[in-house]
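Notes to accompany the following structure.
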């Protein structure tokens, strides 16, 4: 089987990462690479780490350029995916790494993104019960946001086992690549190095409704989420510190059992040995999720911490994983749990 | 007035920082500098940034070396301050930058530190109502921990104004200098750069009872604290993301008013303009506290974020500030709100 | 004496740094702050670390705004200083932190900068023999480039003592603030962290002719300079590794003697103890120059390495130092040799 | 073909990196993992990024543990490889990632390492003409040092084409992992971040004689090397800035032609497009060498800059590449030119 793949938005970080992974995917042949302002340029100047593709030229993102592929990855700004997807035909697998097709509730979309809602596609987080089946054979995939990936996997087992109250407090540290290549003053190296900066504080971060959407079905009621992101001086990685009040009867044992059960057969999720907490370096460049959970009896809370690479499992790796499922390929093909450390 | 000052533990980060500040203090003359394993070495080799003291030799930490000073700063490992202080005489101002004399409850001390409790000294966080008076004229000061400084100042006004429930959830990012110069594998540069690592998770961090002790009086009941520290790749700085459920009737306006009132006359605390969140770089090397607060109506929580330099306001700057009060000097002498950025 | 100072270009890194220093200068009163695209904004939003100036508003850079000051610091893009200075009157001390008035040779200016040459002003590197006298009483100062400061101080004593051949090879690592706040893709944090990038390679770096101009008089002939800059992941600091073939008869002793003699009375230059090499952290935020020199007998070369803070001694600190000399103030007023470390 | 491989010294950075690569090598089965002070511990606690090996226990480094493998990688401290290798039998391929068997001249060894010389093995830098043949079929490989790899590949084509004088000046920036996991104060994160530090200055760096040994045969005479290393704040990567006086008649064209010819068929060396300079991020985690060269006519020098990952091409990747040659496998098996960026 040879899967012919195009990437729209190949000059950005998400586009570059999906190409990095696809280059090692044994069933994939890389076809068209498209861009907007960079159309006509060589990829070697834009993504110098992708040596095998250095001589490829970016085309403009047009239906003609994207035609003739089995899979098209969209790494586009918010609001642009629907129009491109509409031109691609129902038999083409479209994997949207942007936010356009994640949210089910149009009111949420309107409130947090403020553009017309493009509709909802199968959600590419296979580790959430029920989602793997929905991805099998689909030709449209909405890749989750990086923070919702880290947070949902950290907390859903506690909700599924009814060990936590439906009010979650989450503070997630993230590397700078999550903000993309946009030229903004606060993203300059001089501004980022040596400092931590919060953003999206007070309920306004766009990933908040996606977390609520993911967790609520497991809690059996709406989960209220307080989410704060912290920008830290590293290029990649998310460490999500998540907690919620423990429901009566929760113990360290019942908590661990819930997580062990949830992730016993998941190839990319590693529940660390008891007492060992995750660190983002261990998942640098890999599709792994490292996870630990504890019961703080004194504060009456459960606390779960997950580490992912925001560009890999948090974006492009999750996208490839879901592509594999949709195409009926082995789910782990072209993906790895081995990080680049130190 | 010339205040003659000795520093015990001058080779470490806290010792180095207090010397950095004292060198710019107009009323201070720097006397004995002592160390343990580094006794006999030149300070120039241990603290090469302190050029004016490069030719000074570290003495051993003995009563003789420390005798004859008006003030002695102790930057010693936990459990060693009491014995040194006992030999110094009641007229000498002893400023303990370690943890030994912070906690009032010996059971807390036993549980978190596990050594005999050395007793409680006036607590050097002048911005907490009531503490400034207790520091005036004292000859013993317990310098607060770096996290409790950041957290207590971020949350006490909400408790004082009865706007928050007594259950606080705190995740604080910290630079590596907070862990000191100890040679531990996880503190190597190769391990620290490019990664975020949680530690002291699940109610076991030693600074937790100190936060409870500081906040509870303002809440009128015991405040339950869930605290998690995140080690991030920078040498200095703490960003504390603190939240608690809002009590009924709390509004964005009542919240801001509480903080404006609490800090109207504080020289080192800056409540940022509405909507602007603090960043640690802005307080790099300064004694300032940058602070912002918001009411997340959707999650029903108040959220307060503070930024300090863990070595300055969080340790040595707070120590000098309290020294100034104890000696009857202007409180801001030798200290600054101007950070080194970018 | 109260010196009333204006800063044109107060929103950039050089402007911010000179304000940071001037805030601690006992004889200075800070007057107008001007900007271009940021005119009308509060400084608190642009330079949040300068708390005492947070409420000041940036004016447009006009003759009216700059009138009525004793000193005007210019932190402007290349080519703009001359026009502003022409409007300021001969009795105003104008300190140009840009490149416009550094080079004596108009052909060099044309080749490396490509704009009309604005002329040459007294050069603000007081440690170079002869320059201090030229600065006394002047009302026009050209502040040296950051790399020429580090390199000239590292090498001139070897040339003055005729110990080195007139062909110098220099590789200098620099923090990112040297590139300013311009929004360029390669200066994004995601691009800068975790990497080293050379630039200005092969004789094209604009600071090269300035090094030649500074060193040649001491060599007694034109010094040929091969200069390469390396951008490294830190916000501040320059470490210049400089070498040249040793002339016959050079010994470790004669070399050290030359440097000891050159810097015996310099308040900001510290020749480190033998065998200790400088590190940029030790001069972080200070006006100090740390320096070491060695004779590599095997390779037949002398090697000198200097560390400065590119924004302090390399720009704004050097500017204040020269201002002090020009005004007849003590040269070290408002400046420090104490770095912020770790 | 299944190659059974053991790694002695599996808990360090070189050992971890070779395991990271071998896990993706299609012909390799990972056998014994040994250590010294960490014997008996799980690899999961020591190398948490190597998830597939998390449950493996480190054995002590004994002949019994290492017996029964086709290949043994040695990642041991200097001076320990010979004794271990002696016990392994001549049919076992021993790949020494330490320094013990690199130098041909025992006097060099004595001067720079100071232990008895263990002898010389075939040198694992296949890109140097003649070396590939010497590696084919060998059962002993000396893996080059990281700096000599970067420097030799940057300069040998200029010497081979007789374009440069035999006096090379090299300044190489390196990430901290090159110094290993040893607990030394200057390697702490607090000390490393935000600073650049030179080391091994003045002809004393141990990699100097290895560079001389590699380059001299191409120059036709002894090449004199002045080498300085700069420790920079990143975990991985070497950027080597190398220059030498151009011989008469050298032009930009002749220089580029020499490099194009030298590397036309090399799978891991990428001569970048004219005017584009390498950056270490582009080779992060890959076995690629990025390279650029220029003729600085004004200074009369050629300048060549190479970027490698010190742990991959500079150590473990080079080791695997040479193993492939020795075993008759395709040279690029299990290796990649794709970096992890940003």
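Nothing in this text is a laboratory measurement; each read-out follows from the coordinates by a stated rule. What you are looking at is a predicted structure, and each value in this text was computed from that prediction instead of being measured. Cβ: placed from backbone, ideal geometry, glycine included. Neighbour counts: every protein chain shown.
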**Where Rh is the Kirkwood radius over Cα pairs, Rg/Rh for the stretch B:1-101** = 0.93
**Label zone at residue C:78 (point 7 Å along Cα-to-Cβ), backbone N below 13 Å, the stretch C:209-227** = C:209-210
**Prompt:** Once the stretch B:61-211 is represented by equal point scatterers at the alpha-carbon sites, with solvent omitted, what log10 I(q)/I(0) does the Debye formula produce at q = 0.08, 0.20 Å⁻¹?
**Reply:** -0.28, -1.36
**Message:** How large is the Kirkwood hydrodynamic radius of chain B, counting all unique pairs of alpha carbons, in Å?
**Reply:** 20.3 Å
**Asked** Can you give the relative contact order of the stretch C:70-120 as a percent, counting alpha carbon pairs under 8 Å and 6+ residues apart?
**Response** 38 percent
**Fraction of antiparallel bridges per DSSP, the protein assembly as shown only, in percent to nearest 5** = 50 percent
**Item:** Cβ-based exposure ranking for B:49, D:78, in which fewest neighbours within 10 Å come first
**Value:** D:78, B:49
**Prompt:** Relative to the present Cα-Cα distance, how much length would full extension add between residue D:216 and residue D:41 at 0.36 nm per residue of separation?
**Reply:** 58.5 nm
**Request:** Rank the residues A:276, A:3 as a footprinting-exposure proxy: fewest other Cβ atoms within 10 Å of their Cβ go first.
**Result:** A:276, A:3
**For q = 0.04, 0.06, 0.08 Å⁻¹, Debye-computed log10 I/I(0) when each Cα of the protein assembly as shown counts as one equal scatterer** = -0.23, -0.53, -1.00
**Fill in**
Across C:165-174, the residue-averaged tally of Cβ atoms belonging to other chains within 10 Å stands at 5
**Request:** Ignore the peptide's own chain and count Cβ atoms of other chains within 10 Å of each Cβ in A:279-290; give me the average, rounded.
**Result:** 5
**Complete:** In degrees rounded to 10, the 0-90 angle between helix A:252-263 Cα long axis and the longest Cα principal axis of chain A is 20 degrees
**Prompt:** When chain D is modelled as a GNM with alpha-carbon springs shorter than 10 Å, which of D:43, D:188, D:135 fluctuates the most?
**Reply:** D:188
**Prompt:** How far apart, in nm, are the 7 Å Cα→Cβ label points at residue D:110 and residue C:133?
**Reply:** 5.6 nm
**Asked** Taking Rh as the Kirkwood radius computed over C-alpha pairs, what is the Stokes-Einstein D of the stretch A:146-216 at 20 °C in a medium of viscosity 1.002 mPa s, expressed in µm² per second?
**Response** 153 µm²/s
**Item:** chain B, relative contact order in percent, only Cα pairs under 8 angstrom and at least six apart counted
**Value:** 18 percent
**Asked** How crowded by other chains is D:175-186, given as the mean number of beta carbons from other chains within 10 Å of each beta carbon?
**Response** 4
**Prompt:** Between residue C:297 and residue A:29, what FRET efficiency comes out of the Förster formula 1/(1 + (r/R0)^6) with R0 = 51 Å and r the beta carbon distance, rounded to 0.05?
**Reply:** 0.30
**Complete:** Largest fluctuation, B:95, B:289, B:269 only, Gaussian network model of chain B with Cα springs under 10 angstrom, belongs to B:269
**Separation of alpha-carbon centers, the stretch A:202-245 and the stretch A:259-281, rounded to whole Å** = 19 Å
**Message:** Above 19 Å lies some portion of the pair distances; for the stretch D:30-89, what is it as a whole percent of all C-alpha pairs?
**Reply:** 31 percent
**Prompt:** Going by average Cβ neighbours within 10 Å, how do the peptides A:163-175, C:234-246 rank, with the highest at the top?
**Reply:** C:234-246, A:163-175
**Request:** Quick one: plug the Kirkwood hydrodynamic radius of the stretch D:130-185 (C-alpha pairs) into Stokes-Einstein at 4 °C, 1.567 mPa s, and report D in µm²/s.
**Result:** 90 µm²/s
**Fill in**
Rounded to whole angstrom, the alpha-carbon centroid of the stretch A:105-137 lies from that of the stretch A:55-98 at a distance of 18 Å
**Solution diffusion estimate, µm²/s, Stokes-Einstein, the stretch D:183-276, Kirkwood Rh from C-alpha pairs, 20 °C, viscosity 1.002 mPa s** = 129 µm²/s
**Asked** Using only helices, what value at 222 nm comes out for chain A when you add -39,500 (n - 2.57) per DSSP H run of length 4 or more and divide by the total residues, to the nearest 500 deg cm²/dmol?
**Response** -7000 deg cm²/dmol
**Request:** Count the DSSP beta bridges whose two residues both fall in chain B, then state the antiparallel fraction as a percent rounded to the nearest 5.
**Result:** 45 percent
**Asked** For the stretch B:147-310, what's the relative contact order in percent, using C-alpha pairs closer than 8 Å and at least 6 residues apart?
**Response** 31 percent
**Request:** Enter the angle in degrees (range 0 to 90, nearest 10) between the Cα long axis of helix B:146-160 and the first principal axis of the Cα atoms of chain B, meaning the one along which they spread out most.
**Result:** 40 degrees
**Request:** Could you work out the per residue convex hull volume over the alpha carbons of the stretch D:147-310, in cubic angstrom?
**Result:** 115 Å³
**Asked** Against the longest alpha carbon principal axis of chain C, how many degrees, from 0 to 90 and to the nearest 10, is the axis of helix C:13-22 turned?
**Response** 80 degrees
**Asked** Using alpha-carbon positions, what is the distance between the centroids of the stretch B:301-342 and the stretch C:289-304, in Å?
**Response** 42 Å
**Cα convex hull of the stretch A:267-342 - mean projected area over all directions, nm²** = 5.9 nm²
